[in-house]
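Down below is the structure, laid out as structure tokens.
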Amino acid sequence: MKLCKICQKPTKSLYDDTLEIVFHYCPKCDFIFKNSSYIISQKAEKKQYKKHNNTLKNKGYVEFLQKFIDNAVNPYLKNSQNLLDYGCG
């Protein structure tokens, strides 16, 4: 069992079949974080980042983004037409 990185309370492990990644959910503060075994090194992250070509002309990027929207955004919108996109970049 992992402790929450925010409030230090016990978390529940969740396996995401789509991403094939284990996340940890804190029922106390609702924080969700990726299991550390799925976090790549800074060097590997930078190498991957340099490959980015995030434009609408990049078919792979558009497909990736559409898959993310379909799986991680649309199921939670329900009847709402409002969405806050919070991230870096």
Only listed residue being more than 17 Å from the chain's Cα centre (by Cα) and surrounded by 11 or more Cβ atoms within 10 Å (Cβ to Cβ), chosen from LYS43, LYS9, LYS5: LYS9
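Can you name every residue in the range 46-74 that is open to solvent by less than 70 Å² (accessible area, probe 1.4 Å) and among the hydrophobic types (A, V, I, L, M, F, W, C)? Step through it out loud before you land on a result.
Within the range 46-74, the subset open to solvent by less than 70 Å² (accessible area, probe 1.4 Å) is 55, 58, 60-62, 65, 69, 72-73.
Result: VAL62, LEU65, ILE69, ALA72, VAL73.
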task: Take the range 13-22 and flag every residue that is surrounded by 12 or more Cβ atoms within 10 Å (Cβ to Cβ) and more than 19 Å from PHE64 (Cβ to Cβ).
output: LEU14, VAL22
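The values are calculated or read from the model by the stated rules, or taken from the named source; none is laboratory data. The structure presented is a predicted model; accordingly, all values stated were derived computationally and were not measured. Cβ atoms come from the backbone with ideal geometry, glycine included; neighbour counts cover every protein chain shown. Side chains are part of the model used for accessible areas, which takes the heavy atoms of the whole protein and leaves out ligands, DNA and RNA. Shrake-Rupley method; radii C 1.70, N 1.55, O 1.52, S 1.80 Å.
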